[in-house]
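Chemist: Supplied in structure tokens, the structure appears directly below.
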Amino acid sequence: MAIIRVALDVPVDCLFDYLAPDASITDIGLRVCVPFGKRRTLGIILSVCTDTSVPGNKLKQAERIYRDIPPLPPALLELFKFCNRYYHHPIGQVVMNSIPNRLRQFKLTIDQPSRAFAWVITDKGRLLDATDIPARSRAKRLLLTTLQDNGQIPPEAFKQMSAHNRKLLREFLALDWVTQMPLVPGLPTAQTEPPSPTPEQNAAIAAILADTGMFAPWLLHGITGSGKTEVYLRVTAALLKQQRQVLLLVPEINLTPQLEARFKQRFPETAVVSLHSGLNDNERLQGWLLAQQGKAGIVLGTRLAVFTPLPELGLIVVDEEQDLSFKQQDGLRYSARDLAIYRAKQAGVPIILGSATPSLESYQHALAGHYRLLRLHSRAVSGATLPVIRCIDLRLTKAPEGLTEPLLTALQTALSQQQQSLVFINRRGYAPVLLCKSCGWVAACTRCSSRLVVHLHARQLRCHYCGHQQTVPAACPECGDPDILPFGQGTQRIEAALRSHFPAARILRVDRDSIRRKHAWQSVLDAVQNQQVDILVGTQLLAKGHDFPNLSLVCILNADASLYSTDFRAEEQLFAQLMQVAGRAGRADIPGTVLIQTEFPHHPLYQALSRQNYDSHARTLLRERQLTHFPPFAYQAVLRAEAIVIDSALAFLGKAAKIATACEQFGQIQLFDPVPAPMMRLKGRERAQLLVHAHSRKHLQEFLFDWQQRLHTLAAQKKVRWHLDIDPLML
Ligand code: ADP
Ligand code: ZN
Ligand code: ZN
């Protein structure tokens, strides 16, 4: 009698055994419906065997094995088992949370692909004034404004529209206000000849292609604008010719449409599938199935795409490999970059980690010879040079409203030369603090250890951590003084200041508040490309990977805040972020300038930045890490606990530290003291953490395996929620 061992979505680290008379080993990886407690649930078969430790009278029979789609391939199941072991996360939750939602339902429904064109507004439509439409035609007015705001109506939205609205759309089409376009965001559609690679690009491409039949980790370290994407494209072309699949991971969902368009344009014959959290369940399942059947030649996506089955995998690319968003911050806390390395090794294929500012982990691997290093030192477009980076000393120059005189002058110059500028301030809202000058009261969130941010347009105070909102009080709640003032700068306030300085300039603010609507991001990119913007004001959303050819000036405000953070990675991350923002300037034939307003112009970070010397800065940071025994020279895990009050969380960690002494390998690891988390209160709960260090990954893993089992036996668990985070990125 066959017994199947099934992964179920429960927080216990084991498989569940069921009788399945008709099962055979070819069923491994299939979906199965099983009774569980009083209900039925869906799981994945991980093995088929003949005996079980479950007593005969307790053993239940599986209800049904689904054979409607092929089983999950062995390589993917191996990856799940690796995640289970390495991240100490229950196997069933690893498996069930990494597959598309639709596969977790009993009945597998695959909807027909939506009609694949969008209704896109034309220039004519964009220039119309919606208020010219008589007010009684409300629907018509509304539809036009929607189109003007979003740029397009995608097919899914069209399907859900009323008959009247669809009729209106067809009217718009006849009037040439909209046009129908295949759903490829981020056009250009014109087929352009691919550029011929520069000698540096050629060298990189040749090196990678020389060894495609085996595992080879490449660190492609190329300055911003050096044309790393062209290297990915050329290597991809070669592998597609060999009928192999290519997996391309990017940090941001916003980066996928542009890249998708570029790959589709270069490989019109190839099915390009994009997988990210912005898809609905049906779209995700369809993409996933195309990949699983080997039909998708290119799979492009954010971190979750690392769990895509790829039977013909031939190459993996991780673009902007240093980016923090490759690390999942809840549930299974995996690093998609590290799992990508695992997959490349497993499949015996090359992997390219691309970056202008590699993570210190990857850079150290390259220095030590574990990764092969490829360099692109110059910008790909001929004539394009690196920008000049200068600091403006805030101790010597006043900055009323957050903007200094030299900065305003530079903006004026760019305006008069009709070049675009970017003002970078990594803080959305109007002002980060609301302060009472009489008594010192500051508006704070009651649920988090954070201050409430002033959002002037909405007349609200908002917590950026928990989402709490309240109206701005008319007077100080402590002393009653009505003279309470916003203090400091956010994107909205800088936008307002710029508008008063440059009333004729076209200013566009880009932050999470302004691009909340679907497709708003695309209209931003279009507006920049079409020269409808003079000054962009925004957060790090603007920093990543986008090509703005007419941008000549980048201004960086308020970066100092992260210089003296408690997180040992803060400096590495700030450097990467500022290099990236700076890299937006002077991409094509316009030389760029970057101005940084700072109170610490002599800080080594700004010095290295102005020399644009990643290597010397990275080596300095690595030396510090080596002296202090921090990653990448040590391995870390953190045990985090949260409770209603901090004392319970700390007490739990105290007990955890005590039982650790009995664990295997305790002598090989170092436990730090339990401490409150840097952001102690969050969403009404208080959090503490306990850091574990080791000099060997193996010792750390053995210790964690033992420790974790003992942690489950600790009594205080009901009041305290806890989790382990392996290779944590934010402490
Ligand atoms: P990176 O990702 O390294 O910052 P991109 O791949 O975005 O750089 O390339 C920057 C710009 O250079 C793009 O506009 C791209 O089209 C262009 N480019 C890339 N390679 C070449 C080349 N060999 N010749 C001319 N232009 C190129
Ligand atoms: Zn007061
Ligand atoms: Zn809050």
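The values are calculated or read from the model by the stated rules, or taken from the named source; none is laboratory data. From a predicted model like this one, the values you see are computed outputs, not experimental measurements. Ideal geometry is used to build each Cβ from the backbone, glycine not excepted, and the neighbour counts take in all protein chains shown. The protein model used for the area step is the full one, side chains on, heavy atoms only, and it has no ligands, DNA or RNA in it. Shrake-Rupley method; radii C 1.70, N 1.55, O 1.52, S 1.80 Å.
Chemist: Going by the alpha-carbon gyration tensor, a ≥ b ≥ c the square roots of its eigenvalues, is region 252-344 rounded (a/c under 1.5) or, if a/c is not under 1.5, prolate (a/b greater than b/c) versus oblate?
Modeler: Here region 252-344 falls in the rounded category.
Chemist: Further question on the same structure: Hey, could you get me the Stokes-Einstein D for region 67-143, Kirkwood radius over alpha-carbon pairs, 4 °C and 1.567 mPa s, rounded to whole µm² s⁻¹?
Modeler: 73
Chemist: Check which residues have an amide H placed less than 5 Å from LEU373's amide H, if you skip close sequence neighbours.
Modeler: Hits under the 5 Å cutoff: LEU219.
Chemist: Considering only DSSP beta bridges with both partners in the chain, what is the antiparallel share in %, to the nearest 5?
Modeler: Just about 55 percent of them are antiparallel.
Chemist: A further question follows. When we measure straight from the Cα of LYS140, which lysines land under 23 angstrom away, once same-chain ones fewer than 8 places off are left out?
Modeler: Straight-line reach from LYS140, under 23 Å: LYS124, LYS159, LYS167, LYS518.
Chemist: Can I ask one more? I'd like the Karplus ³J(HN,Hα) series for region 406-418: coefficients 6.51, -1.76, 1.60, θ = phi - 60°, whole numbers in Hz, and an x wherever there's a Gly or Pro.
Modeler: x, 5, 5, 4, 4, 4, 4, 4, 4, 4, 5, 9, 6
Chemist: Nearest 0.05, what FRET efficiency do PHE106 and LYS81 give at R0 = 35 Å with Cβ-Cβ as r?
Modeler: 0.90
Chemist: Placing +1 at every Lys and Arg Cβ and -1 at every Asp and Glu Cβ, with all other atoms neutral, what dipole size does the chain have around its Cα centre, in debye to the nearest 20?
Modeler: Dipole size: approximately 1600 debye.
Chemist: Sticking with this structure for a sec: Would you work out if the chain is rounded, prolate or oblate? Take a ≥ b ≥ c from the square roots of the eigenvalues of the alpha-carbon gyration tensor; rounded if a/c is under 1.5, else prolate when a/b is larger than b/c, oblate otherwise.
Modeler: Judged from the Cα gyration tensor, the chain comes out rounded (a/c under 1.5).
Chemist: What are the residues whose amide H is under 5 Å from the amide H of VAL423, where those residues sit 5 or more places off or on another chain and H is modelled from the backbone?
Modeler: HN-HN under 5 Å from VAL423: LEU536, VAL537, GLY538, CYS555.
Chemist: For region 241-256, take each phi angle, set θ = phi - 60°, evaluate the Karplus expression 6.51 cos²θ - 1.76 cosθ + 1.60, and give the result in whole Hz per residue in order, putting x for glycine and proline.
Modeler: 4, 8, 6, 9, 9, 10, 10, 10, 9, 10, x, 10, 4, 5, 8, 5
Chemist: If the reach is capped at under 14 angstrom between alpha carbons, list the aspartates and glutamates near LYS698, excluding any in the same chain fewer than eight residues apart.
Modeler: The qualifying aspartates and glutamates are GLU664, ASP706, ASP727.
Chemist: Along the Cα→Cβ direction, 7 angstrom out, place labels at LYS159 and LYS719. What is the inter-label distance in nm?
Modeler: Going from the LYS159 label point to the LYS719 one covers 5.1 nm.
Chemist: So what J values fall out for region 688-696 if you push phi through Karplus, 6.51 cos²θ - 1.76 cosθ + 1.60 with θ = phi - 60°, rounded to Hz, Gly and Pro as x?
Modeler: Going residue by residue, I get 9, 9, 9, 9, 10, 10, 8, 8, 10 Hz, with x marking Gly and Pro.
Chemist: Out of LEU315, SER24, ALA497, whose Cα points farthest toward the positive end of the dipole of the chain (charges: +1 Lys, Arg; -1 Asp, Glu; placed on Cβ)?
Modeler: Towards the positive end, the residue furthest out is SER24.
Chemist: Note the direction-averaged projected area, equal to a quarter of the hull surface, for the Cα convex hull of region 1-94, in nm².
Modeler: Result: 6.0 nm².
Chemist: Something else now. Roughly speaking, to the nearest percent, how much of region 307-352's 1.4 Å accessible area is carbon and sulfur?
Modeler: After summing per-atom areas, the C and S share lands at 45 percent.
Chemist: Counting only heavy atoms of the protein chains, get the accessible area per residue of the chain (1.4 Å probe) and round it to a whole Å² value.
Modeler: Counting only protein heavy atoms, the per-residue value for the chain is 45 Å².
Chemist: Scan around LEU313 for amide H atoms under 5 Å from its own, H built in the peptide plane at 1.01 Å from N, and keep only partners 5 or more places away or cross-chain.
Modeler: Placed amide hydrogens put GLN245 under 5 Å from LEU313.
Chemist: Which loop GluC sites (Glu not before Pro) in region 209-280, with loop taken from DSSP, have no more than 15 other Cβ atoms within 10 angstrom of their Cβ?
Modeler: Counting only loop positions with at most 15 other Cβ atoms within 10 Å, the GluC sites (Glu not before Pro) in region 209-280 are GLU269.
Chemist: Checking the cross-link filter: which lysines have an alpha carbon closer than 19 Å to that of LYS241, excluding same-chain neighbours under 8 positions apart?
Modeler: Straight-distance partners of LYS241: LYS264, LYS295.
Chemist: What is the packing order of peptides 374-385, 339-350, 574-585, taking the mean over residues of other C-beta atoms within 10 Å and listing the highest first?
Modeler: Per-residue Cβ counts within 10 Å, averaged per peptide and sorted highest first, yield 574-585, 339-350, 374-385.
Chemist: Need the full-extension length gain, ALA368 to ASP393, defined as separation in residues times 0.36 nm minus the C-alpha distance. One decimal, nm.
Modeler: So the chain would gain 5.2 nm between ALA368 and ASP393.
Chemist: Calculate the spin-label point distance for VAL48 paired with LEU627, positioning each point 7 Å from the Cα along the beta-carbon direction, and give it in nanometres.
Modeler: Inter-label distance under the simple model: 6.1 nm.
Chemist: Add -39500 (n - 2.57) for each DSSP H run of 4 or more in the chain, then divide by its residues: what number comes out at 222 nm, to the nearest 500 deg cm²/dmol?
Modeler: That calculation yields -9500 deg cm²/dmol at 222 nm.
Chemist: Set the Förster radius R0 to 22 Å, insert the Cβ-Cβ distance between ASP673 and SER449 as r into 1/(1 + (r/R0)^6), and round the FRET efficiency to 0.05.
Modeler: Between ASP673 and SER449 the formula returns 0.65.
Chemist: Need the full-extension length gain, ARG40 to LYS295, defined as separation in residues times 0.36 nm minus the C-alpha distance. One decimal, nm.
Modeler: Taking 0.36 nm per residue and subtracting the Cα distance, the gain is 88.5 nm.
Chemist: Moving on. Using the per-residue mean of other Cβ atoms lying within 10 Å as a proxy for protection, in what order, highest first, do the peptides 295-307, 529-541 fall?
Modeler: 295-307, 529-541
Chemist: Find how much the distance from GLN180 to ARG67 grows on full extension, using 0.36 nm per residue of separation minus their present alpha carbon separation; answer in nm with one decimal.
Modeler: Length gained between GLN180 and ARG67: 36.8 nm.
Chemist: Follow-up. What is the calculated FRET efficiency for ARG499 to MET1, with r their C-beta to C-beta distance and R₀ = 60 Å, to the nearest 0.05?
Modeler: 0.20
Chemist: Taking the mean number of other Cβ atoms within 10 Å as a proxy for protection, how do you rank 499-506, 461-468 from highest to lowest?
Modeler: The peptides rank, most packed first, as 461-468, 499-506.
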